[in-house]
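Okay, structure first, notes after.
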Amino acid sequence: MGASYGQFCPVAKAMELLDERWTLLVVRELVMGSRHFNELRRGVPRMSPTLLSKRLHTLVRAGVAERRVEDGEVLYALTAAGQELRPVVEALGAWGTRWMGELGDEDLDPKLLLWDMHRSVDHGAVPKSEAVVHFVFPDVRGTGREWWLVISDGSVDVCDDDPGKPLAATLTSSLRVLVDVWRGERSWADAVRSGALAVDGPTSTRRALPTWFTLSVFANVPRPRPDSQEETSLVPSLAHASAPNTTT
C-alpha cells in the first residue's frame, strides 16, 4: 500500500492502494484478461519484472487479486473486489480518450499496440484455420520495426521474429498512423486512401483485413468538439454533497 493520506474519505483510502505508479495499469491488464505473469508483462512492457511482482503482491495482499496454481502454472485473477474496478478502468479510459489530447511520440509503443490488437481478433472473420499478418513500421528503429500476428484455431501469438510461415498480408504504416486507426482517431479507409497505410496481399484479403480486428474498446468514445466551451461537472453528486448546509 502507498503512503496514507490521513483522511477518512473513501476516495483517499482507495487511492492509497491504486495511485502507486503502474498499479492501476496492472489492474487494467487483469480486467482485459491477462492471467500469466508473462502476459501481464507484455501489457505493461516498460514496467520492470521486479516492480510488476511487487505490485501483484500488493494487490493480492489487499484482496483485489488472487494468486493460484493450476496445472503447475501460477495464475492471477481479480477477486470480487477487483472486478468492481472494471467500470472504474473503463471510465478512466473513456475520460482519457475524450480529454487527454494528442499523444506524444514517447507514448507510442509497438509492443503494446500489437499486444492490444492480438486480444481483439475476430476469429469468425478470419477465413483460414491459420493466417499470419506481418506488420512493418518503417519509422521504428531496431527490433520493434517488424511484428507478426499468427492467428490459428482461436488463438493469436504475437511474434517479433519471423515465424517462417506463409503470409496472409503485410501491413505497412508509421506507428502513429496505426495507433490512430486503432484508437478510432482516423478510419482504416481514410489511412489507406491517403497512402499512410498500405496492405500487400490478395485483393480479397486486403478488403477483408479491417474486419479481422475489432478496434480498441475506447475507439467509439465520443470526442468533444474542438470549439466546444461546454463545462460539465464530472462528479455532480459529490459537488452537491460538499456544499455546506445553511438551512436553519
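Computed from the coordinates by the stated procedures, all read-outs in this text should not be read as laboratory data. Please read all numbers here as calculations on a predicted model, not as lab measurements. As a convention, Cβ positions derive from the backbone with ideal geometry for all residues, glycine included, and neighbour counts pool all protein chains shown.
Which values of log₁₀ I(q)/I(0), to two decimal places, follow from the Debye formula for segment 10-99 at q = 0.12, 0.15, 0.16, 0.20 Å⁻¹ with a uniform point scatterer at every Cα? Here log10 of I(q) over I(0) equals -0.35, -0.55, -0.62, -0.97.
Three semi-axes describe the equivalent ellipsoid of the chain; taken as square roots of 5 times the Cα gyration tensor eigenvalues and ordered largest first, they are 37, 25, 15 Å. Look at M117, M100 and count the other Cβ atoms within 10 Å of each Cβ; fewest to most, that gives M100, M117.
Which of the listed residues, G184, T170, L56, is farthest toward the dipole's positive end in the chain, when Lys, Arg count +1 and Asp, Glu count -1 at the beta-carbon? So the residue we want is L56.
Placing unit charges on the Cβ atoms only, positive for Lys and Arg and negative for Asp and Glu, gives segment 10-99 a dipole magnitude near 280 debye about its Cα centre. From most to least packed by mean Cβ count within 10 Å, the peptides 127-134, 92-99 give 127-134, 92-99. Placing unit charges on the Cβ atoms only, positive for Lys and Arg and negative for Asp and Glu, gives the chain a dipole magnitude near 180 debye about its Cα centre. Each of G195, W147, G6 was scored by the projection of its Cα onto the charge dipole of the chain, and the greatest displacement toward the positive side belongs to G6; charges sit on the C-beta of Lys, Arg, Asp and Glu. Mind checking the angle between helix 49-61 and the chain's longest principal axis? C-alpha axes, 0 to 90 degrees, to the nearest 10. Orientation of helix 49-61: about 50 degrees from the principal axis. All C-alpha pair distances within segment 105-212, sorted into 5 Å bins from zero, spread as 2, 12, 24, 27, 22, 10, 2, 0 percent across the bins.
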